[in-house]
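Accompanying notes for the structure given below.
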Amino acid sequence: MQPVISVRGLGKTYASGQRALDHVDLDIRRGEIFALLGPNGAGKTTLINIICGIVNSSEGVVLADGHDIRRDYRAARAKIGLVPQELATDAFESVWNTVNFSRGLFGKPPDRALIERLLKELSLWSKKDARIMSLSGGMKRRVMIAKALSHEPQILFLDEPTAGVDVELRRDMWAMVRGLQQSGVTIILTTHYIEEAEEMADRIGVMSQGRIILVDDKAALMAKLGKKQLSLQLQVPLAVVPPALAEYRLALAAGGSELVYTFDAKADRTGIAALLRRLDEHGIAFKDLQTQQSSLEDIFVSLVSTRT
């Protein structure tokens, strides 16, 4: 299947000489939720702004549903909705007029039923006549989402969409995102809430220093890079790990009262049985144990830290 977004050889160097993007290749599958992760300054927002036609690239090609974002800007941009990081809209205009005007910018005819549905789904209907300046930060974020959806795009970019939004509103937004995906809309999001990417995304892309360093299905990424930890609560704290146990690469935690063993859960042999025997041989007793799977955040931190 042809990707709905195709990026090839994309680079961006600003007039200051800063290299924001360095030969980025990326394909986004139609109908997926794709999470783009990376530390501040990694190039996520620059990449999104180029795909959305807001910033010009220095080199490379971007296709949105088959349309070149530079040579066929109008057709490409009509396919895309963008919820930017920054809240930028007319403070003195009403919610209804702001969203309705945004639809008109894309040459779409008025559709009161559509705008009403959007405002109701985003819990904005009671605020439809309120001026933007009177809204809370969370409500303003919802208006930005309504604007982005007003022209019925097939591709939706969400750049930190839940920044400054309370937990309840965040849940509502993600429920709406799932509904959009079910209707065929492709979602690309950046977020600092890595647990959201872990819950929502079909695939994960990680950026660092202007490059895409990894793209993979979320489940495959967790399986390949996720580790498990066995934590043993010791009956008697240790000052150091005995040298005879060095092969297990154990770590002490909680002031020496906890022994941590990291292992590959998918390996044929985890080494746990052998470790427990060796502990018994050395008279190291424990009173409790538990295992813990590494999270997407652990994987992300590990990936980025190895490239800085």
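If you find the alpha carbon centre of region 156-195 and of region 200-217, how far apart are they in angstrom?
17 Å
In whole angstrom, how far apart do the alpha carbon centroids of region 11-60 and region 88-116 sit?
Measuring centre to centre over Cα atoms gives 28 Å.
So, in nm, how far is label residue 192 from label residue 72 when the simple model puts each one 7 Å beyond its Cα toward the Cβ?
Inter-label distance under the simple model: 3.8 nm.
Along the charge dipole of the chain, which of 184, 242, 262 sits closest to the positive end, that is, farthest toward it, with unit charges on the beta carbon of Lys, Arg, Asp and Glu (+1, +1, -1, -1)?
The Cα lying farthest towards the positive end belongs to 184.
Would you kindly state how much longer the chain becomes between residue 25 and residue 88 on full extension, computed as 0.36 nm times their sequence separation minus their alpha carbon distance, in nm to one decimal? Show your work: numbers first, answer last.
Values: separation 63, 0.36 × 63 = 22.68 nm, distance 2.96 nm.
In short, 19.7 nm is gained.
Run the numbers for residue 131 and residue 40: contour at 0.36 nm per residue of separation, minus the present Cα-Cα distance, in nm.
Roughly 29.5 nm would be gained on extension.
Please give me, ordered by residue number, the trypsin sites (Lys or Arg not before Pro) of region 1-98 that lie in loop per DSSP and have at most 16 other Cβ atoms within 10 Å.
29, 30, 70, 71
Please report the antiparallel percentage of the DSSP beta bridges confined to the chain, to the nearest 5. Each step should come with its number before you reach the end.
Values: 36 of 53 bridges.
In the chain, approximately 70 percent of DSSP beta bridges are antiparallel ones.
What are the ³J(HN,Hα) couplings of region 37-46, residue after residue, when phi is run through the Karplus curve with 6.51, -1.76, 1.60 and θ = phi - 60°? Round to Hz, x for glycine and proline.
10, x, x, 4, x, 6, x, 4, 5, 4
Please compute the contact order of the chain in relative form: average sequence separation of alpha-carbon pairs under 8 Å and at least six residues apart, divided by the residue count, as a percent.
For the chain, the relative contact order is 20 percent.
Using a 7 Å offset from Cα along Cα-Cβ at residue 288, what residues in region 234-259 end up with backbone N under 18 Å from the label point?
Only 234-238, 253-259 fall inside the zone, counting backbone N under 18 Å.
Past 20 Å, Cα to Cα, is the threshold; run 147/218; 44/147; 120/147 against it and keep the listed order.
Exceeds cut-off: 147/218; 44/147.
Run down the aspartates and glutamates and flag those whose C-alpha is under 16 Å from the C-alpha of residue 140, throwing out any fewer than 8 positions away in its chain.
Reachable aspartates and glutamates: 86, 90, 93, 121, 129, 159, 160, 166, 168, 172.
For region 239-245, in order, what is each residue's ³J(HN,Hα) by Karplus, 6.51 cos²θ - 1.76 cosθ + 1.60 with θ = phi - 60°, in whole Hz (x at glycine and Pro)?
7, 9, 6, x, x, 5, 9
Please arrange 92, 101 by how many other C-beta atoms lie within 10 Å of their C-beta, fewest to most.
Fewest-to-most ranking of 92, 101: 92, 101.
Just need the relative contact order of region 1-160 here, percent rounded to a whole number, with Cα pairs under 8 Å and 6+ apart.
Rounded, it is 23 percent for region 1-160.
Every number in this text was worked out from the coordinates using simple rules, so none of it is lab data. As the structure is a computational prediction, the values presented were derived from the model and not from experiment. Because the Cβ atoms are built from the backbone with ideal geometry, glycine has one as well, and the counts that use them run over all protein chains shown.
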